[in-house]
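To start, the structure itself, in structure tokens.
Quick note: the coordinates plus some simple rules give every number you see, no bench work behind them. These numbers were taken from a predicted model, which means no experiment stands behind them. Counting neighbours? That spans all protein chains shown, and the Cβs are built from the backbone with ideal geometry, glycine included.
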Amino acid sequence: MRDVRMRGFAERADVEEVERFLAGRAKPLGREDVAAVSCTGRILAGAVDSPADVPAFDRSAMDGYAVRGADTFGASSYDPIRLALVGVSLPGRPCTTPVGEGEAVRIMTGAPLPPGADAVVMAEVCEEEDGRVELRDAVSPRKNVGAVGEDLRRGDRLLSAGRRLRPQDAALLASVGIGAVPCVRRPLVRLVVTGDELLPAGAAPEGVKIVDSNSVMLRGLVERDGGVPLPFELLPDDPAAIRAALAAGDADVVLVSGGSSVGQEDHAPRLVAELGRLDFHGISMRPSSPTGIGRLGPGPDGPDHERFVFLLPGNPVSCLCAYEFFAGPTIRALGGRRRDWPHPRVKLPLARKISSSLGRTDYVRVAIEDGQVVPLATSGASILSSTVRADGVVIVPRDTEGYPEWAEVEVRLYDETSEEHAPRAPGRRAPAGSGPVGGIQ
Ligand code: AMP
Ligand code: MG
């Protein structure tokens, strides 16, 4: 392998080529049983059928009186019918006395229909007095009764494989007595955070040391995408320490932060090539061009699932961008989710042109102001606060030189809702619409 350190990349791969490569290889991991009470948000690995009829017994859909429908024919407010009250049926406390001809049982919503009864008259059209009930309305048989299996029959398909389980899905599983369901295993993600200059998050920056912020961001992104970040330690730019971290086979995905480029202390690309394969190094994009992507041999699921390794540049914006393009879709796919970016999208006119270069994919941070898309002027790859000021990003694909002013562009929003845009971070703020787009990447 050519040592790229202090020389630079001879050639760069296209974003689409890398995306295709990953899409072809990242397949859902194995399954594990997850308790129904905590399966919300998980991805179902196999179909689930109902083991029971719902409802399991004929039950009342109303507060009222259980009757034989035939006894009520002809009842009206002018000509009420009187029935003898012979019992009470409550949810969980059924009435075992059968309802005979000319008889009724007081019944509450959800309570079992007593034997002999076939309909329920709602309380609003009844009057109870001296052990008798007067009905001012007729009901046909089955009226106001939830019959056995009316909602679901035993064997009915409840949920299909691949579904992202909603709270009400989990509730339905619990309601039919299913204790656990097979879900796609969540990808385990090892963070390998490198840099002699780093202090752990929680410390204050001191002298020439900076605080590791990438791991804080990456943990949030991994969790957003359904992965599980494993505990980690900061590593110095020391090949032996980085090699040992890469060699640990306990994760499905390894995210290396920093040391991915062509600097003197950028060891990770060579180490990945030695331990496994470095499939890509150097990608035609801005920021994040020094990104590397490779594989490190079998992961926890064995030889069918090689461990993916993503060499993410240390500059925070590059780290975020490389994660979003390559690591995020891979983690989602391993977890059985859709590869697509999870960001909500809006189309709005551009307040100022965006310039790019043919052959390069750009990740442009933008703010939305008065319904217009404003590219942020301070957009260097090291400017973490630009991603906080931004409402989202515009992707300029490889075959485009950019977008002119007033072009309709698609913004991928950082926030869940498209209507609201969080107040921007305090601090100095370049006036929107001023200055060039771009900067040192
Ligand atoms: P590198 O990719 O190692 O060349 O780092 C590029 C820049 O990102 C340098 O200014 C580093 O100090 C900075 N950097 C590296 N790792 C981190 C990190 N974990 N958190 C924040 N900044 C970082
Ligand atoms: Mg470094």
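Figure legend: label point modelled 7 angstrom from the Cα of R20 along Cα→Cβ; no residues of the range 288-325 have amide N under 14 Å from it.
What is the fewest-to-most order of K143, K209 by other Cβ atoms lying within 10 Å of their Cβ?
Listed from fewest to most nearby Cβ atoms, that is K209, K143.
With K and R counted +1 and D and E -1, the other residues having a Cβ less than 15 Å from that of E129 yield a net charge of 0. The charge dipole of the range 183-295, taken about its Cα centre with unit charges on the Cβ atoms of Lys, Arg (+1), Asp and Glu (-1) only, comes to about 480 debye. Here the residues V15, V228, V139, ranked from fewest to most Cβ neighbours within 10 Å of their Cβ, fall in the order V228, V15, V139. Would you work out if the chain is rounded, prolate or oblate? Take a ≥ b ≥ c from the square roots of the eigenvalues of the alpha-carbon gyration tensor; rounded if a/c is under 1.5, else prolate when a/b is larger than b/c, oblate otherwise. The shape class here is prolate. Panel values: the range 106-224, Kirkwood radius from alpha carbon pairs, Stokes-Einstein at 25 °C and 0.890 mPa s, translational diffusion coefficient 114 µm²/s. For A47 and T96, a Förster radius of 51 Å and the Cβ-Cβ distance give a FRET efficiency of 0.85, rounded to the nearest 0.05. Placing a label point 7 Å from the Cα of A171 along the Cα-to-Cβ direction, no residue of the range 22-64 has a backbone N closer than 12 Å.
Amide H of A180: which non-local residues (sequence gap of 5 or more, or other chain) have their own amide H closer than 5 Å, using H built in the peptide plane? Hits under the 5 Å cutoff: A36. Placing pseudo-labels 7 Å out from each Cα toward the beta carbon at F57 and D250 gives an inter-label distance of 5.2 nm. Remark: the M1-E197 segment gains 67.8 nm on full extension, using 0.36 nm per residue and subtracting the alpha carbon distance.
Going from the fewest other Cβ atoms within 10 Å to the most, the residues T97, T387 appear in the order T97, T387.
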